[in-house]
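Chemist: Below is a structure I'd like to ask you about.
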Amino acid sequence: MIRSVDLHDHQFPAALKVIARCGAGFNNIPLERATEQGIAVFNTPGGNANAVKELVVALLIASSRNLLQAAQWSAQAAPGADITLRTEQQKTKFNGQEIIGRRLAVIGLGHVGSLVANAGVALGMEVVGYDPYLSVESAWNLAREVKRTATIEEAIAGADFITVHVPKNEETTGLIGAAELRLMKKTAVLLNYSRLGIVDNAAVVAALANGNCQHYCTDFSEEQILNNPGITITPHIGGSTHEAEASCSQIAAREIMDYLATGNTVNSVNLPNVQAPFAGPYRLTIIHRNIPNMLGQITTAIAGAGLNIENLLNRARGDFAYTIVDVNQMTPAIERAVLAALDKIPAVSRVRLIER
């Protein structure tokens, strides 16, 4: 079980079977190398969603009411000054706007995005959402007042606040760039509490300088956005609450126990998600390359050891696949024979035998 430790230069021992990331992001884990070594990798989606939602809501209000700037100004009064008089004379420069009735665009309506969207509705905002991959579960959890848009451009145009909640991958890297920023209202506030790189920071700096965006809030610091009065940077604290850390740890522990005891891979980020009831007292799980004739080689090895297959499930994910085979008998001699036969298949990364 890990949080943010970087494992890219870490050597995994041969005995390591599973890694669980206590959080949603997993770019600190070398997934391809882990899969090649037969290591299942999990994350804990939703475990810190409420914590991130609360921080985003806090920043919606703080940016709208100039709270951070006002607090900093108040703390810098000269010694001996008439603070009350000074405050009454100059407080109007921090006049803000109420968020009720403002338009909130939520890009990505998963665990965090759906909570943010629902919170926006509860605060009296007009909420629109964009998510081309919206799951049935997330759709059920969305307030009916959230209006879905067909394109990201439609969601951004006219929004007072734009908040991004998508996983980082090839498709989402640079999702909000110069073209998208040009569509925003000049008074818009942009928030990135997903991952560094989803918003093009260089484009944001340029947009702020050109007056195409009013403010940018993010949890991910980078040199080019430092010391900019138009940018609020929080130190990667989106999921940093005692409750979120406990929740993620509990989810990770359950994932590890379930995988070791059943072979199920729900919430795996490098293997296909599989959840299957036992169809026999013994279960073989095989992580292997997704290449032709693998099932033929696997079933031949199992039959050659004298076993009858009660159930077989095979799913692929990219270059790798995962096969579960339930059988009805096992002896020490058969166990040695079948494990040896499966291990000899070149494309197999790991074989495990689980007894129900």
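The values are calculated or read from the model by the stated rules, or taken from the named source; none is laboratory data. All values reported here derive from a predicted model rather than from experimental measurement. Heads up, the Cβs are rebuilt from the backbone with ideal geometry, glycines too, and the neighbour counts pull from every protein chain shown.
Chemist: Answer yes if at least one residue in the range 247-255 is on the phi > 0 side of the Ramachandran plot and of a type in the set (Gly, Ala, Ser), and no otherwise. Explain how you work it out, then say what you get.
Modeler: Applying the first criterion (on the phi > 0 side of the Ramachandran plot) to the range 247-255 yields none.
No, the range 247-255 contains no residue that is on the phi > 0 side of the Ramachandran plot and of a type in the set (Gly, Ala, Ser).
Chemist: Filter the range 1-57 down to residues that are of a type in the set (D, E, K, R) and in the same structural domain as residue 135 (by TED's automatic domain parsing) and give me whichever is farthest from residue 288 (Cα to Cα).
Modeler: Initial filter on the range 1-57 (of a type in the set (D, E, K, R)): 3, 6, 9, 17, 21, 32-33, 36, 53-54.
Checking the rest, the ones that are also in the same structural domain as residue 135 (by TED's automatic domain parsing) come to 53-54.
Numbers: 53: 38, 54: 41 Å.
Ranking the candidates gives 54 first.
Chemist: Does residue 325 satisfy the criteria of being within 36 Å of the chain's Cα centre (by Cα) and either outside the structural domain of residue 289 (by TED's automatic domain parsing) or within 23 Å of residue 292 (Cβ to Cβ) (or both)? Break it down stepwise before answering.
Modeler: On the way: within 36 Å of the chain's Cα centre (by Cα): yes; either outside the structural domain of residue 289 (by TED's automatic domain parsing) or within 23 Å of residue 292 (Cβ to Cβ) (or both): yes.
It is true that residue 325 is within 36 Å of the chain's Cα centre (by Cα) and either outside the structural domain of residue 289 (by TED's automatic domain parsing) or within 23 Å of residue 292 (Cβ to Cβ) (or both).
Chemist: Can I ask one more? In the range 1-115, which helices (runs of 4 or more DSSP H) lie fully inside it and hold 1 or more residues that are among the hydrophobic types (A, V, I, L, M, F, W, C), within 30 Å of residue 272 (Cβ to Cβ) and at pLDDT 95 or above?
Modeler: On the way: elements: 31-36, 49-65, 67-74, 83-90.
Hits in the range 1-115: 31-36, 49-65.
Chemist: Here are 50, 28, 66: which of them is over 30 Å from residue 347 (Cα atoms), in contact (Cβ under 8 Å) with a residue 24 or more places away in the chain and in contact with an Asp or Glu (Cβ under 8 Å, 6 or more places away or on another chain)?
Modeler: Only one candidate passes the filter, namely 50.
Chemist: Here is a further query. How about the range 222-239: which of its residues are out of contact with any Leu (no Cβ under 8 Å at 6 or more places or on another chain) and either surrounded by 14 or more Cβ atoms within 10 Å (Cβ to Cβ) or not charged (D, E, K, R) (or both)? Step through it out loud before you land on a result.
Modeler: Of the residues in the range 222-239, the ones out of contact with any Leu (no Cβ under 8 Å at 6 or more places or on another chain) are 223-227, 229, 235-236, 239.
Result: 224, 225, 226, 227, 229, 235, 236, 239.
Chemist: Out of 117, 122, 155, 71, which single residue is farther than 23 Å from residue 45 by Cα and buried (at least 20 other Cβ atoms within 10 Å of the Cβ)? Explain how you work it out, then say what you get.
Modeler: Numbers: 117 fails: farther than 23 Å from residue 45 by Cα; 122 fails: buried (at least 20 other Cβ atoms within 10 Å of the Cβ); 71 fails: buried (at least 20 other Cβ atoms within 10 Å of the Cβ).
Result: 155 is the single residue among 117, 122, 155, 71 that is farther than 23 Å from residue 45 by Cα and buried (at least 20 other Cβ atoms within 10 Å of the Cβ).
Chemist: Across the range 23-60, what is the number of residues that are crowded, with 18+ Cβ neighbours inside 10 Å, under 22 Å from residue 322 (Cα atoms) and within 11 Å of the chain's Cα centre (by Cα)?
Modeler: 3
Chemist: How many residues does the range 251-296 contain that are among the polar types (S, T, N, Q) and without any contact (Cβ under 8 Å) to a residue 60 or more places away in the chain? It would help to see each step written out before you state the result.
Modeler: Here is the first cut: in the range 251-296, the residues among the polar types (S, T, N, Q) are 262, 264-265, 267-268, 270, 273, 275, 285, 290, 293.
Narrowing further to those that are without any contact (Cβ under 8 Å) to a residue 60 or more places away in the chain: 264, 273, 275, 290, 293.
Qualifying residue count, the range 251-296: 5.
Chemist: Another one. Do you know which residues across the range 125-147 are surrounded by 17 or more Cβ atoms within 10 Å (Cβ to Cβ) and of a type in the set (D, E, K, R)?
Modeler: Just the residues of the range 125-147 that are surrounded by 17 or more Cβ atoms within 10 Å (Cβ to Cβ), to begin with: 125-131, 134, 138, 142, 146.
Of everything in the range 125-147, those that are surrounded by 17 or more Cβ atoms within 10 Å (Cβ to Cβ) and of a type in the set (D, E, K, R) turn out to be 126, 131.
Condition check ((1) exposed (fewer than 15 other Cβ atoms within 10 Å of the Cβ); (2) among the hydroxyl-bearing types (Ser, Thr, Tyr)) across all residues:
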residue	(1), (2)
300	yes, yes
303	yes, no
309	no, no
318	yes, no
334	no, no
352	no, no
355	yes, no
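Chemist: Can you pull out every residue in the range 92-114 that is of a type in the set (A, V, I, L, M) and surrounded by 22 or more Cβ atoms within 10 Å (Cβ to Cβ)? Steps first, please.
Modeler: So in the range 92-114, the residues of a type in the set (A, V, I, L, M) come out as 99-100, 104-107, 109, 112.
Result: 104, 105, 106, 107, 109, 112.
Chemist: Got a number for residues in the range 1-17 being surrounded by 10 or more Cβ atoms within 10 Å (Cβ to Cβ), within 19 Å of the chain's Cα centre (by Cα) and of a type outside the set (Asp, Glu)?
Modeler: Result for the range 1-17: 5.
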